[in-house]
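One structure is given here, and the rest of the page talks about it.
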Amino acid sequence: MSDNNKIIIFDTTLRDGEQAPGASLNIREKLEIARQLVRLNVDVIEAGFPIASPGDFEAVKTVAQEIRGPIISGLSRSRKQDIERAAEALKYAERGRIHVFLATSKIHMQYKLKKAEDEIIRLAVEAVKYAKSFIEDIEFSPEDASRTELPFLAQVVSAVIDAGASTVNIPDTVGYAIPESYAATIKYLYENVPNIDKAVISVHCHNDLGLATANSLAAVKAGARQVECTINGIGERAGNCSLEEVVMSLRTRKDFFGGLYTDINTKQIIKTSKLVSHLTGFVVQPNKAIVGDNAFAHEAGIHQDGVLKERTTYEIMHPADIGLEESTLVLGKHSGRHAFKDRLEQLGFHLTDAEIEEAFERFKVLADKKKEIFDEDLEIIVEEAFSKTVPQTYSLDYLGVVTGNKSISTATIRLKKDEKVMQDAACGDGPVDAVYQTIERITGIKAELLDYSLRSVSKGKDAIGEVVVKLCVDDKIINGKGVSTDIIEASARAYLNGINKIVRTDGKAGNEPKGI
Ligand code: KIV
Ligand code: ZN
């Protein structure tokens, strides 16, 4: 707390961000995002909620073991078993933090917890003390703080600081706050909590009213010194406060924020945004502030003319500040293994020799189809290799589609399961529907297609197409993604990726190969 102008960036993409429906990430993917967060230079990585599931526990443990630099935080309810599980997962962290929470608003205390105010304070204090017996760095969150009566909130904050919490977070859990009211809450706490100087006050805003960034910035202006946020603003419901928006607002409007700063390496923003988008399957809306495809695109003639004469007429940030440079042509058909490996290292990927070999094989196949290979293509190739860590229960072996404006679309597909082949054919309302009907017949898994999106990964008519599908199987929502220079194949791969996740996470049994 020596530098009162520094805003601590607490990234919760891997915890609150991953709670968004369909965003499930495997451990390998979480680790890759955590490594990128290190390059982005965040101060704290909230890696998960260890008691929530064995997968979450393993993810927090792996991130704690592998990542050096940022503090690694694990979430915990105010319960002994949760705290013990979090402490166990964080055992190997260079610097670990247990983030304990307990709801304090009347509505949560009455209906969810069925507990009175004095009991809430007792439980919060006990939890902080217990967590402190494992790890020095403890954060406490009075859940639904923005709807908590201010005098009670001040009492809770004071009690948990006395109990040893070194960070107290004031969550706007349901995205209810308005900038002025939220700033007034922070100001009230500074004026009414006698020991407040012993802790960092943090903010955590949800975007239900589209105000998460505005609320976080208002709170910072009122004295908060940690902002909890996620890449691309992903998270529960309408999402969390977006990291890139807060960071670039503080940087671009230094004049207004009076010297407040973050240690974020802003040149890593676009890369981080893309990685999170690819791995979660959440496409970034084109007009999203900072990282949307159109964020720096000037369409109107007057704007274009102005920017050409003097960039600052219509641009308040430089695209290069977030790492947005003209994509570079990197490799081609004749590039060798060495150049390929070098470029992957420059892009910051950590691959084992076997993975480099696998990615190189994919590169060669792609280079045969596509003349010019860009960085974006390489990133996709590598991510494809990572997504192989989703056990490929069903893998695509053959795909044939007949389609046309006067013919009935028909797909013939051969899938492999445990090296045994299963094949079938079906008609559909267009080639993608025919492919999905066929996969359903083969696997026996009925999935409702909630959403389908297709985008081109890099430039040119021969660019790789990336398809993201949102599927619902037995009330569970899951995203799947697939890439190929052939969009029908990318569609099939995306659907199969989703089906494989369902089989893996729910143990859902699909059809078995017959005969052979
Ligand atoms: O939104 C919220 O209240 C949370 C807490 C657990 C910090 O995510
Ligand atoms: Zn939250």
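The values are calculated or read from the model by the stated rules, or taken from the named source; none is laboratory data. Just so we're clear, the structure is a prediction, and the values are computed from it rather than from any experiment. Virtual Cβ from ideal backbone geometry, glycine too; neighbours counted across all protein chains shown.
Overview of values
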read-out: Selection count, region 1-26, where residues are at pLDDT 95 or above, assigned to a loop (DSSP other than H, G, I, E, B) and away from ligand 2 (no atom under 16 Å from the Cβ); value: 2
read-out: Selected residue (only one of Ser53, Ser76 is closer than 30 Å to Arg122 by Cβ and in contact with an Asp or Glu (Cβ under 8 Å, 6 or more places away or on another chain)); value: Ser76
read-out: Pick from region 123-172, criterion aromatic (Phe, Trp, Tyr) and either more than 16 Å from ligand 2 (Cβ to nearest atom) or not in a strand (DSSP E or B) (or both), ranking: surrounded by the most Cβ atoms within 10 Å (Cβ to Cβ); value: Tyr130
read-out: Qualifying residue in region 173-186 (condition: within 16 Å of ligand 2 (Cβ to nearest atom), part of a strand (DSSP E or B) and either among the charged types (D, E, K, R) or surrounded by fewer than 24 Cβ atoms within 10 Å (Cβ to Cβ) (or both)); value: no
read-out: Among residues of region 501-510, those that are at pLDDT 80 or above and more than 21 Å from the chain's Cα centre (by Cα), counted; value: 1
read-out: Subset of region 35-55 that is crowded, with 24+ Cβ neighbours inside 10 Å and within 27 Å of Ile477 (Cα to Cα) - its residue that is farthest from ligand 1 (Cβ to nearest atom); value: Leu37
read-out: Residues that are over 20 Å from Glu379 (Cα atoms), modelled with pLDDT under 90 and surrounded by fewer than 24 Cβ atoms within 10 Å (Cβ to Cβ), drawn from region 474-500; value: Asp474, Asp475, Lys476, Ile477, Asn500
read-out: Residue selected from region 214-263 under the condition over 18 Å from the mean Cα position of the chain (by Cα) and in a strand (DSSP E or B), by the criterion nearest to ligand 2 (Cβ to nearest atom); value: Gln226
read-out: Tally, over region 202-217, of residues that are farther than 18 Å from Glu244 by Cβ and crowded, with 23+ Cβ neighbours inside 10 Å; value: 1
read-out: Verdict on Glu379 being at pLDDT below 90 and in contact with a strand residue (DSSP E or B) (Cβ under 9 Å, 6 or more places away or on another chain); value: no
read-out: Qualifying residue in region 368-383 (condition: part of a helix (DSSP H, G or I) and over 23 Å from the mean Cα position of the chain (by Cα)); value: yes
read-out: Residue that is surrounded by the fewest Cβ atoms within 10 Å (Cβ to Cβ), among those in region 1-26 that are away from ligand 1 (no atom under 16 Å from the Cβ) and free of Cβ contacts under 8 Å to residues at least 60 places away in the same chain; value: Ser2
read-out: Residues satisfying the stated conditions in region 89-117, i.e. more than 24 Å from the chain's Cα centre (by Cα), part of a helix (DSSP H, G or I) and more than 17 Å from Phe140 (Cβ to Cβ); value: Lys106, Ile107, Gln110, Tyr111, Lys112
read-out: Residue match in region 397-417 (condition: outside any loop (DSSP other than H, G, I, E, B), within 27 Å of Ala359 (Cβ to Cβ) and within 28 Å of the chain's Cα centre (by Cα)); value: no
read-out: Complete set of residues in region 217-252 that are of a type outside the set (A, V, I, L, M, F, W, C) and away from ligand 1 (no atom under 13 Å from the Cβ); value: Lys221, Gly223, Arg225, Asn232, Gly233, Ser242, Glu244, Glu245, Ser249, Arg251, Thr252
read-out: Options Val193, Val157, Val128; residue that is over 27 Å from the mean Cα position of the chain (by Cα) and more than 23 Å from Ile72 (Cα to Cα); value: Val193
read-out: Residue match in region 33-55 (condition: under 28 Å from Ala199 (Cβ atoms), within 16 Å of ligand 2 (Cβ to nearest atom), in contact with a Phe, Trp or Tyr (Cβ under 7 Å, 6 or more places away or on another chain) and not basic (Lys, Arg)); value: yes
read-out: Odd one out for Gly480 among (1) in a strand (DSSP E or B); (2) of a type in the set (Gly, Ala, Ser); (3) out of contact with any strand residue (DSSP E or B) (no Cβ under 7 Å at 6 or more places or on another chain); value: (3)
read-out: Filtered residue count, region 438-449, keeping only those that are crowded, with 17+ Cβ neighbours inside 10 Å and over 31 Å from the mean Cα position of the chain (by Cα); value: 2
